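Working notes, structure below.
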Amino acid sequence: MVKAFNNLGLAIVIPLTRTEPRYSLFTMVKILRGSSGLTADSYALCHQIRTVSFDRVISKRGRLDTKDILKIHSVLLDTLEL
C-alpha cells in the first residue's frame, strides 16, 4: 500500500509479504489474491510503515479493494493510537 506525496517526492509505504506468518499479529492484514491483482495471498505489515523516495516505487502490483483498505485503516488507528 502506497500513499504518495508528489511535491515532496516521497511515498509512505506499508510493505506486503507473501510469507505466511508463524504467529498471528493484529498488525498483519491478510490480502487475498485475485480481485486485488496479486498473484498470491499476501499480508500487509502495518507495523513496518516506511517513508521512501518515490523513485523506489517501481510499479503498481495490484489494487486494494475498499474492504482491505478499511481493515488496514483500522489496524493503523489502533497501532498508532490515533
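The values are calculated or read from the model by the stated rules, or taken from the named source; none is laboratory data. Note that the coordinates shown come from a computational prediction; the quantities given were computed from them, not determined experimentally. Note that we place each Cβ from the backbone using ideal geometry, even for glycine, and neighbour counts take in every protein chain shown.
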**Message:** Condition (residue is in contact with a helix residue (DSSP H, G or I) (Cβ under 8 Å, 6 or more places away or on another chain), surrounded by 14 or more Cβ atoms within 10 Å (Cβ to Cβ), free of Cβ contacts under 8 Å to residues at least 60 places away in the same chain and not in a loop (DSSP other than H, G, I, E, B)) applied to segment 4-15: is it met by at least one residue?
**Reply:** yes
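Of the residues that sit in segment 26-82 and are touching a Lys or Arg at 6+ places or on another chain (Cβ under 7 Å) and among the hydrophobic types (A, V, I, L, M, F, W, C), which one is surrounded by the fewest Cβ atoms within 10 Å (Cβ to Cβ)?
Keep residues of segment 26-82 that are touching a Lys or Arg at 6+ places or on another chain (Cβ under 7 Å), which gives 29, 36-43.
With the extra rule that they be among the hydrophobic types (A, V, I, L, M, F, W, C), the set shrinks to 29, 38, 40.
On the way: VAL29: 24, LEU38: 17, ALA40: 10.
Result: ALA40.
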**Item:** Which numbered condition ARG22 misses (of (1) surrounded by 11 or more Cβ atoms within 10 Å (Cβ to Cβ); (2) part of a loop (DSSP other than H, G, I, E, B); (3) of a type in the set (Lys, Arg))
**Value:** (1)
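Considering each residue of segment 37-67, count those that are farther than 16 Å from VAL13 by Cβ and part of a loop (DSSP other than H, G, I, E, B), and give that number. Break it down into steps so the answer makes sense when it comes.
Applying the first criterion (farther than 16 Å from VAL13 by Cβ) to segment 37-67 yields 37, 39-41, 65-67.
Subsequent filtering for residues that are part of a loop (DSSP other than H, G, I, E, B) retains 37, 39-41, 65.
Qualifying residue count for the region: 5.
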**Prompt:** Which members of segment 1-37 meet the condition of being touching a Leu at 6+ places or on another chain (Cβ under 8 Å) and at pLDDT below 90?
**Reply:** MET1, ALA4, SER36
**Members of segment 48-82 found to be within 10 Å of the chain's Cα centre (by Cα) and either hydroxyl-bearing (Ser, Thr, Tyr) or within 14 Å of THR17 (Cα to Cα) (or both), listed by number** = GLN48, ILE49
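Count, please, the residues in segment 16-43 that happen to be charged (D, E, K, R), in contact with a Ser or Thr (Cβ under 9 Å, 6 or more places away or on another chain) and in contact (Cβ under 8 Å) with a residue 12 or more places away in the chain.
So in segment 16-43, the residues charged (D, E, K, R) come out as 18, 20, 22, 30, 33, 41.
Checking the rest, the ones that are also in contact with a Ser or Thr (Cβ under 9 Å, 6 or more places away or on another chain) come to 18, 30, 33.
Filter once more, keeping what is in contact (Cβ under 8 Å) with a residue 12 or more places away in the chain: 18, 30.
Residues flagged as charged (D, E, K, R), in contact with a Ser or Thr (Cβ under 9 Å, 6 or more places away or on another chain) and in contact (Cβ under 8 Å) with a residue 12 or more places away in the chain within segment 16-43 amount to 2.
Going by the structure shown, is ILE49 within 24 Å of GLU81 (Cβ to Cβ), modelled with pLDDT of 85 or more and in contact with a strand residue (DSSP E or B) (Cβ under 7 Å, 6 or more places away or on another chain)? Spell out how you get there, then give the answer.
Numbers: within 24 Å of GLU81 (Cβ to Cβ): yes; modelled with pLDDT of 85 or more: yes; in contact with a strand residue (DSSP E or B) (Cβ under 7 Å, 6 or more places away or on another chain): yes.
Taking the combined requirement at face value, the residue satisfies it.
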